[in-house]
Amino acid sequence: MKIIVLVKEVPDTYGERKLDLETGLADRAASEAVLDEISERALEVALSYADSAPDTEVVVLSMAPESAAATIRKGLAMGAASAVHVTDPALAGADLGLTARTLAAAIRRTGFDLVITGNLSTDGSGGVLPAMLAELLEVPNMTALSVVEVTADSVTGTRSADDGDMRVRAPLPAVISINEALPDARFPNFKGIMAAKKKPFETLSAADLGVDPEDVSAPASIMTAIAEKPPRSAGVKITDEGDGGTKIAEYLIENRLV
């Protein structure tokens, strides 16, 4: 079985995040770049299955700037057999539609039985990429799974809903996304870090995948304005002199919070 895990380099969750006001893109120099935690959890799902099924090949796949190569190699150090890095200046700032088309092309080229992703990244937080990929690849899709069970011909999972837990199942090939309820990822050990240097690492451009970033016939998002987040204003202090409840109610109504 071949399992492809989508991983993403993101600004450190606990670091400062900024937009480049000229391009509207994330200022990657403003914070340390790391492998998204949800990507690591998705990789752990694949590696855990591979531990019990030695004939399983786990491939990490990412669409990211050239500088992200070192971050992607962490997936190899954790235990993935190979990596595919899609990088092209023409893909900088790609919207979800172009990202989905490019990743789908890379997945088809690589071949797959199962694609595992996080439910949403900590930078863009779009949350729709797994479904878009499944549509483009024409395979079943199960999202936001908190439990995953993989067999040779199917994948089963649990999805939490307002009224309880839902058990879902799909035949392979399929695309699934997982949430933060899945276990933490393993840490790369010294042996894994050294082995990662010798593992296959393929770099692809948009042209290699037959994707035209300038294709005007494909739906695309258009950025209309860019603005820096306004500074936090001082809060409102309410002194209770017997009418505190009324003042709070008036404040909530005035600010349309109720």
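The values are calculated or read from the model by the stated rules, or taken from the named source; none is laboratory data. Model, not experiment: these values are computed from the prediction. Cβ coordinates were reconstructed from backbone atoms using ideal geometry, including for glycine residues, and neighbour counts include every protein chain displayed.
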| Which number in (1) without any contact (Cβ under 8 Å) to a residue 40 or more places away in the chain; (2) buried (at least 21 other Cβ atoms within 10 Å of the Cβ); (3) not in a helix (DSSP H, G or I) marks the one condition that Val34 misses? | (2)
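Would you point out which residue out of Asp51, Asp36 is out of contact with any strand residue (DSSP E or B) (no Cβ under 9 Å at 6 or more places or on another chain) and either closer than 17 Å to Gly118 by Cα or at pLDDT 90 or above (or both)? So that I can check it myself, show each step before the final result.
Numbers: Asp36 fails: out of contact with any strand residue (DSSP E or B) (no Cβ under 9 Å at 6 or more places or on another chain).
Going through Asp51, Asp36 in turn, just one is out of contact with any strand residue (DSSP E or B) (no Cβ under 9 Å at 6 or more places or on another chain) and either closer than 17 Å to Gly118 by Cα or at pLDDT 90 or above (or both): Asp51.
Can you name every residue in the range 145-168 that is under 27 Å from Val128 (Cβ atoms), free of Cβ contacts under 8 Å to residues at least 24 places away in the same chain and not acidic (Asp, Glu)? Talk me through it step by step, then tell me what you get.
Initially, the range 145-168 is screened for residues under 27 Å from Val128 (Cβ atoms), giving 145-150, 154-168.
Next cut, free of Cβ contacts under 8 Å to residues at least 24 places away in the same chain only: 149, 154, 156-167.
Result: Ser154, Thr156, Gly157, Thr158, Arg159, Ser160, Ala161, Gly164, Met166, Arg167.
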| task | Considering every residue within the range 183-196, establish whether at least one is touching a helix residue (DSSP H, G or I) at 6+ places or on another chain (Cβ under 8 Å), in a loop (DSSP other than H, G, I, E, B), over 21 Å from Gly126 (Cβ atoms) and basic (Lys, Arg). | result | yes
| Looking at the range 215-244, which of its residues are without any contact (Cβ under 8 Å) to a residue 24 or more places away in the chain, among the small types (Gly, Ala, Ser) and surrounded by 11 or more Cβ atoms within 10 Å (Cβ to Cβ)? | Gly244
| message | Out of everything in the range 41-64 that is in contact with a Gly (Cβ under 8 Å, 6 or more places away or on another chain) and in a helix (DSSP H, G or I), what residue ends up being surrounded by the most Cβ atoms within 10 Å (Cβ to Cβ)? | response | Ala42
| said: Condition first: over 23 Å from Glu37 (Cα atoms), without any contact (Cβ under 8 Å) to a residue 60 or more places away in the chain and not hydroxyl-bearing (Ser, Thr, Tyr). Can you find one or more residues in the range 183-191 that meet it? | reply: no
| Residues of the range 204-258 that turn out to be more than 30 Å from Ser82 (Cα to Cα) and in a helix (DSSP H, G or I), as a count | 11
| task | Go through the range 91-149 and count every residue that is acidic (Asp, Glu), at pLDDT below 95 and crowded, with 17+ Cβ neighbours inside 10 Å. | result | 0
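Looking only at residues that are under 18 Å from the mean Cα position of the chain (by Cα) and of a type in the set (Ser, Thr, Tyr) in the range 40-87, which one is farthest from Leu98 (Cα to Cα)?
Step one: list which residues in the range 40-87 are under 18 Å from the mean Cα position of the chain (by Cα), which gives 40-47, 58-76, 78, 80, 83-87.
Going one step further and asking which of them are of a type in the set (Ser, Thr, Tyr), we end up with 62, 67, 71, 87.
On the way: Ser62: 14, Ser67: 20, Thr71: 22, Thr87: 13 Å.
Among residues in the range 40-87 that are under 18 Å from the mean Cα position of the chain (by Cα) and of a type in the set (Ser, Thr, Tyr), the one farthest from Leu98 (Cα to Cα) is Thr71.
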| In the range 182-214, how many residues are surrounded by fewer than 12 Cβ atoms within 10 Å (Cβ to Cβ) and acidic (Asp, Glu)? | 2
| query | Restricting to the range 169-181, what's the tally of residues that are at pLDDT 95 or above, assigned to a loop (DSSP other than H, G, I, E, B) and either surrounded by fewer than 12 Cβ atoms within 10 Å (Cβ to Cβ) or aliphatic (A, V, I, L, M) (or both)? | reply | 1
| message | Of the residues Arg159, Arg232, Arg167, only one is charged (D, E, K, R) and out of contact with any strand residue (DSSP E or B) (no Cβ under 9 Å at 6 or more places or on another chain); which? | response | Arg232
| field | Selection count where residues are surrounded by 16 or more Cβ atoms within 10 Å (Cβ to Cβ) and either in a loop (DSSP other than H, G, I, E, B) or not β-branched (Val, Ile, Thr) (or both), scope the range 66-80 | value | 10
| query | Applying the selection to the range 188-223, what residues are at pLDDT below 85 and within 25 Å of the chain's Cα centre (by Cα)? | reply | Asp215, Ala218, Pro219, Ala220, Ser221, Ile222, Met223
